[in-house]
Amino acid sequence: MEEKRFNPKHLDKLNNPKRLISLPIEFIVEKAAIENPKVIIDLGAGTGFFSTHFAEIYKQSKVYACDISDTMVDWMKENLLPKYDNIIPLKMEDSCVHLNNDFADFLFMINLHHELDSPQKTLNECCRLLKSNGKIAISDWKKEKTEQGPSIELRYDAKEVKEQLIVAGFNKISIYTELLTNFLIIAEK
C-alpha cells in the first residue's frame, strides 16, 4: 500500500514556488475573508512554505506552523526563524496540537487531509483550537487523476470533507472547485 504521509526526504518539493500556481495564496485569502487575524495555525506545515506567505500578508499575526515530523519542525526552526519573527514552528501529535482552546482566528490545512489517520478527530481538534467565528480553510487534491499527488484511493471528495466539518461543529461551509488540482473548503466555527 502507498504511504499516506509525505516523506521528509523530499522536503525540497514543498518549497517549489510552482505550488503557488496551482494553489494561489490570494485565492485562499479572498475566499476566507479574514481580517486582521491575531493567531493563524498552519496544520501540517511541512517546511512552512505556506506559513511564510501568510506571515507576509498578515505581518501582525503569529503563525503557528505545526507538523508531526521532527525533521520538518527542525528545518523550519533553522530556515525560517532568522527571517520570520512571527512564525512559531511547533511539534504536534496526530490529531493533537498543544495549544489552548479558542486560540486561533484562522487555521488552514493544505494537502494534508488525505494524510490524516483520523480526519474526524483532527477536525474536532481544529474546532477546539479556533475561536468562536474563527475560520478554517482546507485545500486538498481533488478526487480525480492528476499528474502529481497521491493515488485517487487516498483522496477525499470535497463533499465528504464537508460532512466531516459539520460533525466537528463547523457551519457556513463553502466549497470551491475552480482550482486545477485542488478543492478549497472554507468553514466557520
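The values are calculated or read from the model by the stated rules, or taken from the named source; none is laboratory data. Please read these numbers as outputs of a predicted model, since none were measured by experiment. Counting neighbours? That spans all protein chains shown, and the Cβs are built from the backbone with ideal geometry, glycine included.
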**Report entry** Positions within the stretch 22-44 being touching a helix residue (DSSP H, G or I) at 6+ places or on another chain (Cβ under 9 Å) and either part of a helix (DSSP H, G or I) or at positive phi (or both), in sequence order
**Finding:** ILE25, GLU26, ILE28, VAL29, GLY44
Requested in this report: Considering each residue of the stretch 40-88, count those that are closer than 15 Å to MET109 by Cα and not small (Gly, Ala, Ser), and give that number.
Outcome: 15
Report summary line: In the stretch 174-183, anything closer than 18 Å to LYS18 by Cα, touching a helix residue (DSSP H, G or I) at 6+ places or on another chain (Cβ under 7 Å) and either in a loop (DSSP other than H, G, I, E, B) or not polar (S, T, N, Q) (or both) is listed as LEU179, LEU180, THR181, PHE183
Query raised in the report: Of THR47, THR52, which residue is crowded, with 16+ Cβ neighbours inside 10 Å and either out of contact with any helix residue (DSSP H, G or I) (no Cβ under 7 Å at 6 or more places or on another chain) or closer than 21 Å to ALA187 by Cβ (or both)?
Result: THR52
Report summary line: Of the residues in the stretch 50-86, those that are free of Cβ contacts under 8 Å to residues at least 60 places away in the same chain and of a type in the set (S, T, N, Q) come to SER51, THR52, GLN60, SER61, ASN79, ASN86
Query raised in the report: Taking the condition closer than 26 Å to ASN124 by Cα and either touching a residue at least 40 places away in the same chain (Cβ under 8 Å) or of a type in the set (S, T, N, Q) (or both), does ILE25 pass?
Result: no
Requested in this report: Restrict the check to the stretch 67-76 and report whether at least one residue is of a type outside the set (Val, Ile, Thr) and surrounded by fewer than 18 Cβ atoms within 10 Å (Cβ to Cβ).
Outcome: yes
Query raised in the report: What pairs can you find where one residue is in the stretch 100-125 and farther than 18 Å from GLU163 by Cα and in contact (Cβ under 8 Å) with a residue 60 or more places away in the chain, the other is assigned to a loop (DSSP other than H, G, I, E, B) and among the aromatic types (Phe, Trp, Tyr), and their Cβ atoms are less than 7 Å apart, with a gap of 6+ or different chains?
Result: none
Query raised in the report: For the stretch 159-173, what are the residues that are assigned to a helix (DSSP H, G or I) and within 18 Å of CYS127 (Cα to Cα)?
Result: GLU160, VAL161, LYS162, GLU163, GLN164, LEU165, ILE166, VAL167, ALA168
Query raised in the report: Going by the conditions given, is LYS13 surrounded by fewer than 16 Cβ atoms within 10 Å (Cβ to Cβ), at pLDDT below 85, of a type in the set (D, E, K, R) and more than 14 Å from the chain's Cα centre (by Cα)?
Result: yes
Report summary line: Only one of SER95, SER118, SER69 is under 22 Å from TYR156 (Cβ atoms), in contact with a Pro (Cβ under 7 Å, 6 or more places away or on another chain) and among the small types (Gly, Ala, Ser), namely SER69
Query raised in the report: Considering only the stretch 131-189, how many residues are among the acidic types (Asp, Glu) and surrounded by 20 or more Cβ atoms within 10 Å (Cβ to Cβ)?
Result: 1
Query - strands (runs of 3 or more DSSP E) wholly inside the stretch 52-119 containing at least 1 residues that are of a type in the set (Gly, Ala, Ser) and touching a Leu at 6+ places or on another chain (Cβ under 8 Å) - result: 62-67, 104-110
